[in-house]
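So the structure is just underneath, and the comments pick up after that.
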Number of protein chains: 4
Amino acid sequence: MTETTYPREGTAFLLVDPYNDFLSEGGKVFPLIKPVADDIGLIDNLRRLDAAVRAAGIQVAIVPHHRWEPGDYEHWDHPSPSQRRIMQTHAFARGEWGGDWHPDFAPKPGDIVAQEHWGQSGFANTDLDMRLKQQGITHVIVVGLLANTCIESTARFAMELGYHVTLVRDATAALKPEMMHAAHELNGPTFAHAILTTAELIAALPQG
Amino acid sequence: MTETTYPREGTAFLLVDPYNDFLSEGGKVFPLIKPVADDIGLIDNLRRLDAAVRAAGIQVAIVPHHRWEPGDYEHWDHPSPSQRRIMQTHAFARGEWGGDWHPDFAPKPGDIVAQEHWGQSGFANTDLDMRLKQQGITHVIVVGLLANTCIESTARFAMELGYHVTLVRDATAALKPEMMHAAHELNGPTFAHAILTTAELIAALPQG
Amino acid sequence: MTETTYPREGTAFLLVDPYNDFLSEGGKVFPLIKPVADDIGLIDNLRRLDAAVRAAGIQVAIVPHHRWEPGDYEHWDHPSPSQRRIMQTHAFARGEWGGDWHPDFAPKPGDIVAQEHWGQSGFANTDLDMRLKQQGITHVIVVGLLANTCIESTARFAMELGYHVTLVRDATAALKPEMMHAAHELNGPTFAHAILTTAELIAALPQG
Amino acid sequence: MTETTYPREGTAFLLVDPYNDFLSEGGKVFPLIKPVADDIGLIDNLRRLDAAVRAAGIQVAIVPHHRWEPGDYEHWDHPSPSQRRIMQTHAFARGEWGGDWHPDFAPKPGDIVAQEHWGQSGFANTDLDMRLKQQGITHVIVVGLLANTCIESTARFAMELGYHVTLVRDATAALKPEMMHAAHELNGPTFAHAILTTAELIAALPQG
């Protein structure tokens with residue numbers, strides 16, 4: 001992996017699924033990721049990254065999971081295991097607090113807000129690729145939840161689509177430490193062009 | 001995960017990257033996967049599955065990785081880590097033995113042979129989805145190499161595309177046992193509708 | 001073109017852009033299509049088709065154009081000519097009457113409502129293909145507006161995706177009669193599997 | 001339509017289906033397009049454009065139709081009307097003169113040669129989008145055959161994918177003049193960012 005520089009005009013910061021259910025005390029999924037998140041300082045790292053990329057003039061794109069609504073998936077022939085669980089837990093419910101943005105990570109003016117993704121990849125069945133292409137984006141930094149599901153699928157799709165892909169090992173979380181290990185030590189190194197820490201990424205961003 | 005039945009007309013058996021370099025003694029990648037492959041009986045399982053799905057009248061689709069040719073990737077802005085390694089190793093070289101089919105798994109008349117994929121997913125930048133749709137396929141069984149790269153990405157894409165997805169835990173291999181664990185115990189259960197052994201899958205195929 | 005039968009379980013009726021701006025007196029675009037629409041009896045034909053496909057138990061999918069919002073397209077490198085015009089006319093404005101459903105063609109319970117498309121094809125950058133695949137759809141009937149833009153692009157994409165595609169020559173409209181001619185006599189016959197009248201299609205639907 | 005400039009590094013010249021069957025005396029389809037082609041000077045224009053874009057340092061991408069082979073389409077549920085005709089005519093047969101490149105338009109070193117497309121769009125079910133993205137392409141110029149089928153579908157898909165799209169009205173042909181009219185006067189102006197003559201495009205290319 002060679003050292004990466006991030007072109008100001010060509011880089012997008014993809015913030016995946018920044019919902020209260022994932023990131024806030026009281027969220028439906030938060031308790032499951034809290035041990036890993038606390039251990040790596042997830043929320044603080046996301047805050048520092050968010051500030052740093054905005055200061056650097058880099059495009060922010062919010063990449064939101066489909067918000068659950070009554071009836072979802074019920075007429076599908078074969079919802080995925082994750083989708084079946086959402087049918088029971090109603091995670092990210094539309095119109096509820098859990099499906100609202102974590103207050104620190106709500107979209108700001110000028111951000112891209114992609115269409116909601118039904119599965120794990122923010123590129124699958126959404127407008128994300130076209131929206132990035134319409135702004136000349138060639139490099140994506142993928143952070144948020146979960147390391148081995150939505151982050152990994154979004155990153156795998158990004159590579160296949162021809163983007164330069166960066167993962168940030170302490171700006172994501174998972175249900176278990178071994179899932180973080182799988183994402184960053186086993187799988188990520190085969191498809192991601194860079195796997196950095198928050199501090200390393202901030203140091204590599206374009207300056208002033 | 002509910003018990004799956006496989007519709008004869010609607011199921012395809014996706015055999016990913018059945019090249020000598022992956023599956024044959026003397027292949028460039030084979031030594032790296034041999035410990036895992038031998039441990040689970042990969043080649044025998046693939047042979048049994050191949051015979052069983054053909055006997056059951058299920059569509060076979062060969063899903064081949066791009067065969068390396070001189071010049072490949074050299075003008076790309078950012079080949080992936082796996083692609084950079086192929087630039088050095090020339091794995092699956094076109095016109096060479098390593099890039100030829102393992103003799104037991106060469107396409108047979110009536111098989112679909114998809115376009116070669118450049119990355120990890122057999123669906124990305126190829127005709128595989130359309131070819132399956134043109135034959136009414138709704139269920140895919142994904143086997144071959146490697147469990148955590150091409151098999152996993154092909155399966156992740158298949159789920160996003162709306163297919164029912166089955167992994168077969170002893171009909172694939174990887175560089176390390178922990179990669180098999182990641183594929184089948186950590187990641188697969190979030191996106192795959194069924195994760196079976198070869199014996200379990202054969203028992204679930206349509207009979208007579 | 002061979003005679004087509006429409007499988008009840010495998011057919012979807014794609015109703016594209018049924019907005020007041022397109023279909024209602026007082027809509028922003030309606031005056032431009034009114035001569036063609038009146039000439040062929042567009043609204044009545046859409047009503048008859050809508051009733052007939054629902055009576056036949058066929059899946060209805062609403063395929064809506066992106067509803068204009070302030071700021072749309074402004075940061076894009078190169079909006080298309082149609083998108084540039086929407087930047088001026090604000091057609092299909094979100095939250096306004098023009099961007100609301102024509103009252104006869106609002107979604108009903110059980111209908112698929114696809115994500116909004118930004119361009120001309122209801123399949124591009126949306127979840128439409130996956131939603132159809134999750135219900136085993138193999139045949140699509142594409143009606144609505146405009147014959148040579150959104151209907152034609154949706155139909156061209158459907159063919160590439162592997163669907164059986166039907167156009168209905170008097171269930172769409174365009175700005176000029178020669179555009180209808182182009183859609184149904186020049187271009188459609190190269191990619192559509194059937195081009196029928198409303199009466200012919202109703203006669204071909206599954207009975208009882 | 002605003003005046004377009006073509007960035008040397010960001011523009012690709014997509015030459016669609018430059019086969020003998022389309023472009024050479026004795027080709028299977030050539031007699032059908034000869035009246036239109038001769039009228040506009042198609043072959044000379046393609047030669048002039050090819051020379052000009054290469055001199056300007058612009059990336060050339062060959063976008064080839066699937067070459068017919070025995071058995072093609074026979075197991076498909078619903079080949080398109082164009083595909084059904086190819087089943088009869090064997091146009092662009094692999095290994096035959098008709099499916100070989102017109103000698104003036106064979107790929108040269110450094111050209112992208114995309115995977116063969118089965119339908120009308122050079123982007124559908126191929127690697128063309130990824131190949132362009134891997135070289136930072138944002139603008140595409142689409143020329144070759146036929147104006148209202150492969151050229152139009154390739155251009156419609158390019159717009160949806162987020163590219164800037166240019167058509168060249170005298171560097172394509174069709175079976176009838178009214179198809180040229182439909183492509184360039186009725187449909188193209190809704191999705192293409194520029195519709196130029198060969199002379200206009202050459203004048204707009206980057207100099208020296």
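The values are calculated or read from the model by the stated rules, or taken from the named source; none is laboratory data. Just so it is clear, the model here is predicted, and its values are computed rather than measured. Note: ideal-geometry Cβ built from the backbone for every residue, glycine included; neighbour counts use all protein chains shown. Areas reflect the complete protein model, heavy atoms only, side chains present, ligands, DNA and RNA absent. Shrake-Rupley method; radii C 1.70, N 1.55, O 1.52, S 1.80 Å.
Under 10 Å, Cα contacts only: if you run a Gaussian network model on chain D, which one of D:Leu196, D:Leu145, D:Leu46 comes out with the highest mean-square fluctuation?
Of the options given, D:Leu196 has the highest mean-square fluctuation.
Inverting the mean 1/r over all pairs of different Cα atoms, compute the Kirkwood radius of region A:8-204 and quote it in Å.
Working: mean 1/r = 0.0600 Å⁻¹.
Evaluated over region A:8-204, this radius sits at 16.7 Å.
Please compute, for peptide D:107-119, the average count of beta-carbon atoms on other protein chains lying within 10 Å of each residue's beta-carbon. Write out the running numbers ahead of the final one.
Numbers: counts 0, 0, 1, 3, 0, 1, 0, 1, 7, 2, 2, 8, 10.
Mean shielding count: 3.
If the limit is 29 Å between Cα atoms, which of D:Lys108/D:Lys176; A:Lys28/A:Lys108; A:Lys28/B:Lys176; C:Lys176/D:Lys133; A:Lys28/D:Lys133; C:Lys28/D:Lys133 go over it?
Working: D:Lys108/D:Lys176 32 Å; A:Lys28/A:Lys108 25 Å; A:Lys28/B:Lys176 34 Å; C:Lys176/D:Lys133 37 Å; A:Lys28/D:Lys133 38 Å; C:Lys28/D:Lys133 37 Å.
Beyond 29 Å between Cα atoms: D:Lys108/D:Lys176; A:Lys28/B:Lys176; C:Lys176/D:Lys133; A:Lys28/D:Lys133; C:Lys28/D:Lys133.
Is the shape of region D:1-86 best called rounded, prolate or oblate, per the rule: a/c under 1.5 gives rounded, else a/b larger than b/c gives prolate, else oblate, with a ≥ b ≥ c the square roots of the Cα gyration tensor eigenvalues?
The shape class here is prolate.
At 7 Å along Cα-to-Cβ for each site, give me the label-to-label distance between A:Val113 and D:Arg47 in nm.
Calculated label separation equals 5.7 nm.
If you take every DSSP beta bridge whose two residues both sit in chain A, what share of them, in percent to the nearest 5, is antiparallel? Could you put the intermediate results ahead of the total?
Values: 1 of 25 bridges.
Looking only at bridges with both residues in chain A, the antiparallel portion is about 5 percent.
On average, how many beta carbons from a partner chain sit within 10 Å of the beta carbon of a residue in D:137-145? Working shown, then result.
On the way: counts 2, 6, 2, 0, 0, 0, 0, 0, 0.
For peptide D:137-145, the averaged partner shielding equals 1.
How many nanometers, to one decimal and shortest first, lie between the label point of D:Arg8 and those of its other copies, if labels sit 7 Å from Cα toward Cβ?
Label point to label point, same position, other copies: 2.4, 6.4, 6.6 nm.
Return the value, in Å² to the nearest 100, of accessible area buried between chains D and A (probe 1.4 Å, both sides summed). Walk me through the numbers on the way to the answer.
Details: alone 9650 and 9650 Å², together 18560 Å².
Approximately 700 Å² gets buried when D meets A.
So what's the gap between the Cα centers of region D:67-132 and region D:171-208, to the nearest angstrom?
23
May I ask you to derive the relative contact order of chain C, considering only C-alpha pairs under 8 Å and at least 6 residues apart, and to give it as an integer percent?
Details: 388 pairs, mean separation 60.1, N = 208.
That works out to 29 percent.
Please get the size of the charge dipole for chain C, origin at its Cα centre, with Cβ charges of +1 on Lys and Arg and -1 on Asp and Glu, quoted in debye to the nearest 20. Intermediate values should be presented prior to the final figure.
Working: 16 positive and 26 negative charges, 45 e Å.
The calculation lands at about 220 debye.
To the nearest µm²/s, what D does Stokes-Einstein give for region C:134-208 at 37 °C and 0.692 mPa s, using the Kirkwood radius over alpha carbon pairs as Rh? Please list the in-between numbers first.
Working: Rh = 12.5 Å.
After rounding, the answer is 262 µm²/s.
From the phi of every residue in region A:192-198, what ³J(HN,Hα) in whole Hz does the Karplus formula 6.51 cos²θ - 1.76 cosθ + 1.60 yield, where θ is phi - 60° and glycine or proline is x?
8, 7, 8, 10, 10, 8, 4
By how many degrees, 0 to 90 and rounded to 10, does the Cα axis of helix C:42-55 deviate from the longest principal axis of chain C?
That helix lies at roughly 50 degrees to the long axis.
Rg(Cα) of the protein assembly as shown divided by 2.2 N^0.38 Å?
On the way: Rg = 25.8 Å, N = 832, 2.2 N^0.38 = 28.3 Å.
In units of the globular-protein estimate, the protein assembly as shown measures up at 0.91.
Summing -39500 (n - 2.57) over the DSSP H runs of n ≥ 4 in chain B and dividing by its residue number, what mean residue ellipticity at 222 nm do you reach, to the nearest 500 deg cm²/dmol? Each step should come with its number before you reach the end.
Values: 9 runs with 72 residues, N = 208.
Taking each H run of at least 4 residues, the total per residue is -9500 deg cm²/dmol.
State, to one decimal in nm and shortest first, how far the label point of C:Ala203 sits from each corresponding label point in the other identical copies (label point: 7 angstrom along Cα-to-Cβ).
Inter-copy label distances (nm, one decimal, shortest first): 5.5, 5.5, 7.7.
For chain C, set up a GNM with springs between Cα atoms under 10 Å and report which of C:Arg169, C:Arg131, C:Arg85 has the largest fluctuation.
Largest GNM mean-square fluctuation: C:Arg85.
Suppose you put the label 7 Å out from Cα in the Cβ direction; list, shortest first and in nm with one decimal, how far A:Arg85 is from each other copy's label.
Copy-to-copy label distances for A:Arg85: 2.9, 4.8, 5.2 nm.
So for the protein assembly as shown: antiparallel DSSP bridges make up what percent, rounded to the nearest 5? If you can, show how the numbers build up before the last one.
On the way: 4 of 100 bridges.
Bridges in the protein assembly as shown are about 5 percent antiparallel.
Could you size up the charge dipole of region A:140-186 around its Cα centre, putting +1 on the beta carbon of Lys and Arg and -1 on that of Asp and Glu, and report it in debye to the nearest 20? Each step should come with its number before you reach the end.
Details: 3 positive and 5 negative charges, 12 e Å.
Using Cβ point charges on Lys, Arg, Asp and Glu, region A:140-186 gives about 60 debye.
So which residue, out of D:Ser24, D:Ser121, D:Ser80, gets the largest mean-square fluctuation from a GNM of chain D using Cα contacts under 10 Å as springs?
Of the options given, D:Ser80 has the highest mean-square fluctuation.
Work from the charge dipole of region A:54-93 (Cβ charges, +1 for Lys and Arg, -1 for Asp and Glu, about the Cα centre) and give the residue of A:Trp76, A:Ala61, A:Met87 farthest towards its positive end.
Among A:Trp76, A:Ala61, A:Met87, the one farthest towards the positive end of the dipole of region A:54-93 is A:Ala61.
Equivalent ellipsoid semi-axes for region A:30-133, as square roots of 5 times the alpha carbon gyration tensor eigenvalues: give them largest first, rounded to whole Å.
On the way: eigenvalues 136, 73, 30 Å².
Here the semi-axes work out to 26, 19, 12 Å.
For peptide C:188-196, what's the mean number of Cβ atoms from other chains within 10 Å of each residue's Cβ?
Details: counts 1, 3, 15, 9, 2, 5, 2, 1, 0.
Per-residue shielding by partner chains comes out at 4.
Which value, in Å², gives the accessible area per residue of region C:8-204 when a 1.4 Å probe is used on the protein heavy atoms? Mind dumping the intermediate values first?
Working: 6260 Å² over 197 residues.
Averaged over the residues of region C:8-204, the accessible area is 32 Å².
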